[in-house]
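Heads up, the thing below is written out as structure tokens.
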Amino acid sequence: MSHKLLEVRNLQTFFGDDDNLTRAVDDVSFGIDRDETLALLGESGSGKSITAHTIMRLLPPAARVAGGEVILDGQNLLKLPERRMRDIRGGRIAMIFQEPQSSLNPVLTAGQQIGETLARHQQLHGSAQRRRTLELLDEVGIPEARSRIDDYPHQFSGGMKQRIMIAMALAGRPDLLIADEPTTALDVTIQARILDLLKSLQRETHMGILFITHDIGVAAQVADHVAVMRHGCIVESNPREAFFARPRHPYTHELFDALPSRERRQREANDTRPDVASAPLLEVRDLKVHFPIRKGVFKRVVGHVRAVDGVSIRIHSGETVAMVGESGSGKTTLGKGILQLLKPTDGAVLFDGDELTRLRGDALRRRRADIQVVFQDPYASMNPRMLVGDIIEEGMLAQRVGGDRHERQARIEQLLQQVGLQAQHKNRYPHEFSGGQRQRICIARALAVDPKLIICDEPTSALDVSVQAQILDLLKDLQARLGLAYLFITHNIAVVEYLAHYVAVMYEGRVVEQGKVDDVLLQPQHEYTRKLLSAVPRPPEREAS
Amino acid sequence: MNLVLLWTDMLVFLLVLAIISFVLVARRREHMRAPWRQVARSRMGMAAAVILVVYVAIGLLDSIHFHPRDHDASADQPRYSADVISVFDWIMDPVRSKVEKTYSAPFATHLYAKETVRLPDGTQDRIYPRLEHGGAHLSDPETQRLTDIATRAGMGLIYALVIWLLAVAVLVGWQSRGLQQPFRRRLADIFKRRTPVPWDVIIYTGAVVIVFISLATQLAPHYHIFGTDKVGADVFYQTLKSIRTGLMIGTLTTLIMLPFALFLGLAAGYFRGWVDDVVQYTYTTLVSIPGVLLIAAAILLLQVYMSNNPEQFSTPENRADLRLLFLCLILGITSWTSLCRLLRGETLKLRDIEYVQAAQAFGVSHMTILTRHILPNVMHIVLITVVLDFSALVLAEAVLSYINIGVDPSMNSWGNMINSARLEMARDPVVWWSLAAAFIFMLGLVLPANLFSDAVRDAFDPRMRKLQNN
């Protein structure tokens, strides 16, 4: 008998039946002690969330546990009747999820939702319940808990919601906390605070934490022990120091190598040198995009949301300019303002001598070929009811380029090969491709009209690390061959280090700092930039192998 | 034959053409075929579809109208009667032409009301007289009627069995040739439910349908299966004729409202701004007018116009037909709002989705974006609404005719039958068969339509699909 808090032995969870069997979790074993954090690291589809759901016995109906044991303090959870299991959930094991937005009930106040757990697991009611709720809110760092306890979820920010989720999880005084990507939906500065909070709570309550993440940097910051999952198996499991100093499994090496960073950029040395001396390709001067706030019967304008408030940048051909900022900083709106998808309130967008904000109708339509866009969500950015070939052809038809039908088809095939797909893929539908392949198709679609500038709006943030690396390489490669300029909108500093020549940091609609990438990232001048950079979780250096 | 094309016939065949061309287009597109394949795999949906096919066949046969040739005219000089009948009337001629004096019960041989008749010996008596047609071939109905009905029903069952076996043999034979499988293996596959499409359900439902048709063909020429009405017309024939009216209301109304809902809904959602305001104010105004009042006013208006300009309507059929079309039109105008609202909401969501923005970044025109990107992605909503609305509209017709603002009183419809049954139910003894026939046949259409629309919704609604995958 081991003395660990939680012991998972040879766990197997399968989907489907004999004909169509998916081994989501296949022979997974690990243990977590009190005061210990185990980081379960893996890419999407590796089975890390299913492992957590199996421990909680919250599997979808299609899944079944095919074997193994989950032992919590000597008790096999998989054998317990459902009624006893309900006491375990929330009482001994608590769970927090990725999306704080959808995990909280919007029609109940924060206090009611925490109180529910208190009533269920601690039998606390009335004023005792309220006192404990206030204590919990204090513990998770909600300022002025007394005045906020009766607020509804929508009155809290994303980070605050996640704190409330943590307070709910703590309400049952759990021995084990399962955190399923708790910071993935949050900005990096908020992520840093939530991670600190979890660590300090662990010191106080001595709970064990199973921390599920795809981010090596986050794992490095929270874990005492790291287990890497792939295809439902744990391929490597080691204490933190040993894991980061001497990763052993080839897949772990792959993961580390895929991380974009300054070192990797220097290692590869396939950099392009933009021609900064000549006139800029795109010049944005004091651009403002304000959204009117209307109220009343006649929709009078009562104020403005200043999404972009006076931004000036220059992009030369062959150059990558990164626009860095957290969510709500206005970087996506800036991209749409440059593309003229949103009408700027004020300012100028000069492209190759043309003032885009003044162009109308056909003149603007012709100019659209020069600036193209790649979006964040590879699933929403293609019409699910069109063939890939038609999707790529659409721009050529609209711009009347690419010659006749046969020439266009040849061009589509060539484009698909250029982005690393096959010519016959043009006769398939988007849903037949993975996220990374879809993003390649989106790039091919943008390239179809021979643009000079591509605005990349977080093109890799929905992708796994290894796929992200491939897409970034493709973008670099295309830049070297075609002399493209990129405006790269991202929140990921590592990607900026790897890809950008020039960087601008955006905060609340304004650029607070801009300059060459090394200058800004190594010697940040503005206070916000420093805060942002210090919040980025980084894995420690590996020993040279 | 001298074909007559009524307005509603024209629209129905337009609809049939549209459906055929849609099928031809959809066959080549995987994303359009996939949900229909799922419909074809639903057991309940396919059973409902078989019954609906029979209804539609009757409705379509009843939509080919012509002037029949006059029987008195000589062969080389054909003359056409002024009547307009349909192919279905022509098929049903043995039933249609057998008109009694007044009410008679189902399978009766005597009238339902006593009459004073002059007996051969010169005296008068009040008796239930024999029917002219119903059971007229029997010499002694008291003793022979039940055995005669039983023999004919037995014959009907035997015919049904033979026809069903033949149909199954042809179907399975055709499939086994197509799949290059031995006949027996295909047969075993079907009945052991190893085919993706539930052919066993189709075959069983087909058996039920064949039995009913075969029984009707055996019995209807000799008896009034559902009795006769006040003027002695066969109720079975009437209720079958009502099928066309029900189908017309259910389909043509949608056909009329669809362009409004699609055009206005998409325009409001896509362009927003003042277009959205105008569309929204229009439909909020329209839904705040009580629908029944609007329909009553419109129908009354038409009635006044018709009685003032009788010269514009050559035949009573023409008149009734135009009133039916007008009813469809006014029902369409009052019912497009809910679909329009749904489409507006969905378009609002779609216009901000990234593939639409990518198309805008290419400078694709608004019209192309609407037709290529938005329309195909809201089609599932249109389809689900159309099939769900169908049964509601069939029922609406019954209610409207009941309060006398529905179809023309001369037109056969379930609503009219129910309306006349209102008085019959007050009689003593009660005349129940008109109401019963209308009820059974209406249920026979609406229930399968609802079951089928459930199957369609399950297949097309993305949320339902997600539920099933989990």
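Dipole orientation for the protein assembly as shown: of the candidates A:SER329, A:GLY310, A:CYS456, A:SER329 has the Cα lying most toward the positive pole (charges on Cβ; Lys, Arg +1; Asp, Glu -1). Amide H contacts of A:ARG230 (H built 1.01 Å from N, in plane; Pro and chain starts excluded): A:VAL235 sit under 5 Å, all sequence-distant by 5 or more or on other chains.
Burial here means at least 40 square angstrom less accessible surface with every protein chain in place than with the chain by itself, probed at 1.4 Å; in the range A:320-354 the buried residues are A:LEU341.
Roughly what % antiparallel, to the nearest 5, for the DSSP beta bridges in the protein assembly as shown?
On the way: 62 of 99 bridges.
For the protein assembly as shown, the DSSP antiparallel bridge percentage is about 65.
Taking every DSSP beta bridge with both residues inside chain A, roughly what % is antiparallel (nearest 5)?
Details: 49 of 86 bridges.
Bridges in chain A that DSSP calls antiparallel: roughly 55 percent.
Look at the Cα gyration tensor of chain A: its axes a ≥ b ≥ c give a/c of at least 1.5 with a/b over b/c, and that counts as prolate.
Shielding of A:378-386 by partners, i.e. mean partner chain Cβ atoms within 10 Å per residue? Intermediate results must be reported in sequence, preceding the final value.
Working: counts 1, 2, 8, 6, 3, 12, 5, 10, 6.
Averaged over the peptide's residues, the number is 6.
With a 1.4 Å probe, how much accessible area is buried between chains B and A, both sides summed, in Å² to the nearest hundred? Counting protein atoms only, the buried area is about 2300 Å².
As I understand it, the value is the acute angle between the Cα axis of helix A:465-482 and the longest principal axis of the Cα atoms of chain A; what does it come to in degrees, rounded to 10? That works out to roughly 10 degrees.
Phi angles across the range A:233-248 convert, under the Karplus curve 6.51 cos²θ - 1.76 cosθ + 1.60 with θ = phi - 60°, into 3J(HN,Hα) values of 10, 8, 8, 8, 9, 8, x, 3, 4, 5, 4, 7, 6, 9, x, 9 Hz, Gly and Pro given as x.
Are any of the pairs A:LYS426/B:LYS349; A:LYS299/A:LYS343; A:LYS288/A:LYS331 more than 22 Å apart by Cα-Cα distance, and if so, which? Before the final figure, lay out the partial values.
Working: A:LYS426/B:LYS349 27 Å; A:LYS299/A:LYS343 19 Å; A:LYS288/A:LYS331 12 Å.
A:LYS426/B:LYS349, as the Cα separations exceed 22 Å there.
Take the solvent-accessible surface of the protein heavy atoms, probe 1.4 Å, and return the percent of it on chain A that carbon and sulfur atoms account for. Its accessible area is 47 percent carbon and sulfur atoms. The mean number of Cβ atoms from other chains found within 10 Å of a Cβ in peptide A:449-456 is 1, as a whole number. Evaluated at q = 0.11, 0.18, 0.21, 0.24 Å⁻¹, a Debye calculation over the C-alpha positions of the range B:362-449 (equal weights, vacuum) places log10 I(q)/I(0) at -0.49, -0.82, -0.98, -1.13. With the alpha-carbon atoms of the range A:177-267 aligned to their principal axes, the span from lowest to highest coordinate is 42, 28, 24 Å, starting with the largest.
Rounded to the nearest whole Hz, the Karplus-based 3J(HN,Hα) values (6.51 cos²θ - 1.76 cosθ + 1.60, θ = phi - 60°) of the range A:336-351 follow the sequence 5, x, 5, 6, 6, 7, 10, 7, x, 6, 7, x, 10, 10, 9, 10, with x at glycine and proline.
Once you average over the residues of B:348-360, how many Cβ atoms of partner chains fall within 10 Å of each Cβ? It would help to have the intermediate numbers written out before the result.
Details: counts 0, 0, 2, 0, 2, 5, 13, 14, 4, 9, 16, 6, 7.
For peptide B:348-360, the averaged partner shielding equals 6.
Per DSSP helix of 4 or more residues, -39500 (n - 2.57); summed, then divided by the residues of the protein assembly as shown. What does that give at 222 nm, rounded to the nearest 500? Mind showing how you got there, number by number?
Details: 38 runs with 527 residues, N = 1015.
Taking each H run of at least 4 residues, the total per residue is -16500 deg cm²/dmol.
Close amide H partners of A:VAL374, meaning residues 5 or more places away or on another chain with modelled amide H under 5 Å apart, are A:ILE455, A:CYS456, A:ASP457.
Could you tell me which of B:THR347, B:VAL279, B:THR245 has its Cα farthest along the dipole of the range B:245-469 towards the positive end, charges placed at Cβ (Lys, Arg +1; Asp, Glu -1), taken about the Cα centre? Of the options given, the answer is B:THR347. Under the convention that each Lys and Arg Cβ holds +1 and each Asp and Glu Cβ holds -1, the size of the dipole of the range A:229-342 around its Cα centre is about 720 debye. Across chain B, the relative contact order, built from alpha-carbon pairs under 8 Å that are at least six residues apart, equals 20 percent. Across the alpha-carbon set of the protein assembly as shown, the Rg to Rh ratio works out to 1.07, Rh being the Kirkwood radius. Residues whose amide H comes within less than 5 Å of that of A:VAL305, counting only those at least five positions distant or on another chain, are A:PHE291, A:ILE293 (H built at 1.01 Å from N in the peptide plane).
The charge dipole of chain B, taken about its Cα centre with unit charges on the Cβ atoms of Lys, Arg (+1), Asp and Glu (-1) only, comes to about 2140 debye. When the Cα positions of A:GLY159, A:HIS225, A:PHE211 are compared along the charge dipole of the range A:158-229, A:GLY159 comes out farthest toward the positive end, with charges on each C-beta of Lys, Arg, Asp and Glu. Among the residues of the range B:362-399, those with an accessible-area drop of 10 Å² or more from chain alone to full protein complex, heavy atoms and 1.4 Å probe, are B:PHE362, B:GLY363, B:VAL364, B:SER365, B:ARG372, B:HIS373, B:PRO376, B:ASN377, B:HIS380.
Think of a 1.4 Å ball rolled over the protein heavy atoms: the protein assembly as shown then has 48 Å² of accessible area per residue. Roll a 1.4 angstrom probe over the protein heavy atoms and tell me the percent of accessible area of the range B:228-346 that is carbon or sulfur. Carbon-and-sulfur percentage of accessible area, whole number: 70. Just need the relative contact order of chain A here, percent rounded to a whole number, with Cα pairs under 8 Å and 6+ apart. Here the relative contact order equals 15 percent. Between A:CYS233 and A:ALA62, the distance separating the two model label sites (each 7 Å from Cα on the Cα→Cβ line) works out to 2.4 nm. Counting only aspartates and glutamates at least 8 places from A:LYS79 when in the same chain, those with an alpha carbon closer than 17 Å to its own are A:GLU7, A:GLU69, A:ASP87. Once the Cβ-Cβ distance of B:TYR128 and B:ILE440 is raised to the sixth power relative to R0 = 30 Å, the FRET efficiency obtained is 0.70. Computed across chain B, the Kirkwood radius stands at 25.7 Å (inverse of mean 1/r, all Cα pairs). Take the Kirkwood radius over Cα pairs of the range B:245-469, plug it into Stokes-Einstein at 37 °C and 0.692 mPa s, and you get 165 µm²/s for translational diffusion. Annotation: B:PHE441 carries an accessible surface of approximately 40 Å², with a 1.4 Å probe and no ligand, DNA or RNA atoms counted. Only Lys, Arg, Asp and Glu carry charge here, each on its Cβ (+1 for the first two, -1 for the last two); on that basis the range B:245-469 has a dipole of about 500 debye about its Cα centre.
Quick one: compute the contact order of the range A:40-94, relative version, from alpha carbon pairs under 8 angstrom and 6+ residues apart, as a percent.
Details: 20 pairs, mean separation 12.8, N = 55.
Computed over the range A:40-94, the figure is 23 percent.
The values are calculated or read from the model by the stated rules, or taken from the named source; none is laboratory data. Predicted model, so just to flag it, every value in this text is computed and none were measured. Here the Cβ is made from the backbone with ideal geometry for all residues, glycine too, and neighbour counts use every protein chain on show. Only protein heavy atoms, including side chains, enter the accessible area calculation; ligands, DNA and RNA are left aside. Shrake-Rupley method; radii C 1.70, N 1.55, O 1.52, S 1.80 Å.
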